[in-house]
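Following: one structure in structure tokens, then a few remarks.
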Amino acid sequence: MPAPLLPMAQGWAPPLGVVATLPGPADFPAWRQAARRLVAAGIPPERTEWVVEGELPGLLAEAPPPEAPAKPFSVPRAFLDQAEIAIRHSDPARFALLYALLWRLVQGERHLMQAATDPAVIRLAALAKAVRRDAHKMHAFLRFREVQAADGPRHVAWFEPDHHIEEAEADFFLRRFAALRWSIVTPRRSVAWDGQALAFGPGGRRADVPPDDAMEPLWRAYYAAIFNPARLKPAAMRAEMPRKYWRNLPEAAEIPRLMAEAPRRVAAMVAQAAPNPRPQDRRHLSPHPGATHLSRAMGVAPAMTMPIDAHPDPERALAALREELLARPDLPDFASRATQPVFGEGPVGAALFILGEQPGDEEDISGRPFVGPAGRLLDRALIQAGLDRGQAYVTNAVKHFKFTPTGKRRLHQSPDAGDITYYRPFLAREIAAVAPRLVVAMGASALLAATGRKLPVLKTRGQVVPGLTGPPVFATIHPSYMLRLPDPDAQAEAFQGFVADLLAARGQAG
């Protein structure tokens, strides 16, 4: 690293240019420290050159100014959040772009990040989006192979990222595979977890990773089982899963055969007539009271109450739904930052389908719904209402944790209407598979997901309203609402009201 760059001293003039050397290609703390020194020294972007240690600098000379007290400054959080991601991009100009934006922010353009048409702001957003997409590909398309080492089994994977994401994404795999000993090898970097600590090293070759293991046939059989020929879109598939990943995916060997067989299988599906419902089931297939009017108003078919007979194997239907969501290439951007999707828990045929908003931090890490503070409060209320959580089905309208990173913390961010709309088809199929008597919608997001309408929770709570699909919906507050109340007495009063709501829902479900 060059000597510290600090404010200009009297009689000192900036050199032709300054070279800032970073220890790594995605070291944001080092870039941030160097950038602050450059700004404090009054070095403009056009006189600054950024290189990574080991690279040769260009024409600029390294000539830091003398030391002097630095004047502190601050920049918007929106810039820092995007810059921390964008610096992982492989574009050699990324450091200069970040410094140019920083310079403009410090020089008085305080609202620069809100200028949606500014070319530099647009470029920053594009870099960050590309990095997040690369991380999503790594989460979805990395496959571990088991190898036998002298001290026991180890799982090894090869991946070729487009950007410098190895260190940033190591924590994702650590949380998901903490019980395994694993190594991820890329052309630039390697990451290893021995059960105690993460270690980073130089890159490797694809030949360093075994080509297959005993799990290969299972991957191929699983992919063939969930492949839906009626939804085949080759161009979209290749866009979301480029061929460069195929050679690392055992299931990719099945793709040519499945694509070739798709037209014949679709024709067979069309030719097979759907069976008529049995007479004793016809009562289940009528629209719920009020649903016809609501559905026509929304321009969709009337909502039907789906009996459990609609799924000969509901457990298998739920498992297929989970696997489909895991394989979806078009997830919202925030889903790629989550540790994993969080699916529902509970028995098929449960009378109560308890629906929340989205997973929180603890749910995201554990992979289970309602295990955090709101979940513990829900458990207490269920016990007081005489309900066994194990006899209810508990899930969320949105299946991934949406959050805003702030340092080491992840602050919950409420899903918007678009997020709820994206996950609604999964929720509808989940409800159909469980076939409950009543959906208990906790909070505004759950109520919107279940009914398709923005209903005021506090005015609607305790009422039964038509569901957008399937059974009726009982409205109540979300447990997190009680946690946010500042007054202990208000919390206690709200909790008793929540218990009363659950008692009423229990009576409605029979």
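The values are calculated or read from the model by the stated rules, or taken from the named source; none is laboratory data. This one's a predicted model, so the numbers in the text were calculated from it and none came from an experiment. Every residue, glycine as well, gets a Cβ built from its backbone with ideal geometry; the counts of neighbours run over all protein chains shown. Heavy atoms of the whole protein, side chains included, go into the accessibility calculation; ligands, DNA and RNA do not. Shrake-Rupley method; radii C 1.70, N 1.55, O 1.52, S 1.80 Å.
Listed here are the residues, each with its yes/no results for (1) of a type in the set (G, A, S); (2) surrounded by 12 or more Cβ atoms within 10 Å (Cβ to Cβ); (3) out of contact with any helix residue (DSSP H, G or I) (no Cβ under 8 Å at 6 or more places or on another chain).
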| site | (1), (2), (3) |
| --- | --- |
| E146 | no, yes, yes |
| A149 | yes, no, yes |
| F159 | no, yes, no |
| A179 | yes, no, yes |
| S183 | yes, yes, yes |
| R205 | no, no, yes |
Fill in: Whichever residue in region 104-118 is over 28 Å from the mean Cα position of the chain (by Cα) and open to solvent by 50 Å² or more (accessible area, probe 1.4 Å) and, among such residues, is modelled with the highest pLDDT
R104
Practice prompt. Answer yes or no as to whether I431 is among the β-branched types (V, I, T) and within 19 Å of E345 (Cβ to Cβ).
Written response: yes
Discussion item. Could you go through region 354-374 and let me know if any residue there is within 23 Å of D313 (Cα to Cα), in the same structural domain as L325 (by TED's automatic domain parsing) and aliphatic (A, V, I, L, M).
Written reply: yes
Item to complete: Output the number of residues of region 126-144 satisfying the condition of being open to solvent by 40 Å² or more (accessible area, probe 1.4 Å) and modelled with pLDDT of 90 or more.
Response: 3
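Among the residues in region 316-329, are any touching a strand residue (DSSP E or B) at 6+ places or on another chain (Cβ under 8 Å), at pLDDT below 90, open to solvent by 60 Å² or more (accessible area, probe 1.4 Å) and within 30 Å of R506 (Cβ to Cβ)?
no
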Item to complete: State all residues of region 360-413 that are of a type in the set (D, E) and touching a helix residue (DSSP H, G or I) at 6+ places or on another chain (Cβ under 9 Å); if no residue qualifies, say none.
Response: E362, E363, D364, D379, D388
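Please go through region 83-104 and give me each residue that is part of a helix (DSSP H, G or I) and among the basic types (K, R), ordered by number.
Passing the criteria: R94, R104.
List the helices (runs of 4 or more DSSP H) that sit entirely inside region 393-510 and contain at least 3 residues that are farther than 23 Å from A335 by Cβ.
457-460, 479-484, 488-509
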Worksheet item: List the pairs whose first member sits in region 23-40 and is not assigned by TED's automatic domain parsing to the domain that holds E169 and buried (at least 21 other Cβ atoms within 10 Å of the Cβ), whose second member is among the charged types (D, E, K, R) and assigned to a helix (DSSP H, G or I), and whose Cβ atoms are under 7 Å apart, counting only residues at least 6 apart or on separate chains?
Response: A26/E167
Worksheet entry | Candidates L458, L468, L447, filtered to the one that is at pLDDT below 95, open to solvent by less than 30 Å² (accessible area, probe 1.4 Å) and not small (G, A, S) | L468
Worksheet item: Which residue pairs have Cβ atoms under 6 Å apart, sit 6 or more places apart or on different chains, and have a first residue in region 497-510 that is aromatic (F, W, Y) and a second that is in a helix (DSSP H, G or I)?
Response: F498/A381
Worksheet item: Residues in region 352-370 that are within 25 Å of R429 (Cβ to Cβ) and buried (at least 19 other Cβ atoms within 10 Å of the Cβ): how many?
Response: 13
Worksheet item: Does P347 qualify as being open to solvent by 30 Å² or more (accessible area, probe 1.4 Å) and either aromatic (F, W, Y) or touching a helix residue (DSSP H, G or I) at 6+ places or on another chain (Cβ under 6 Å) (or both)?
Response: no
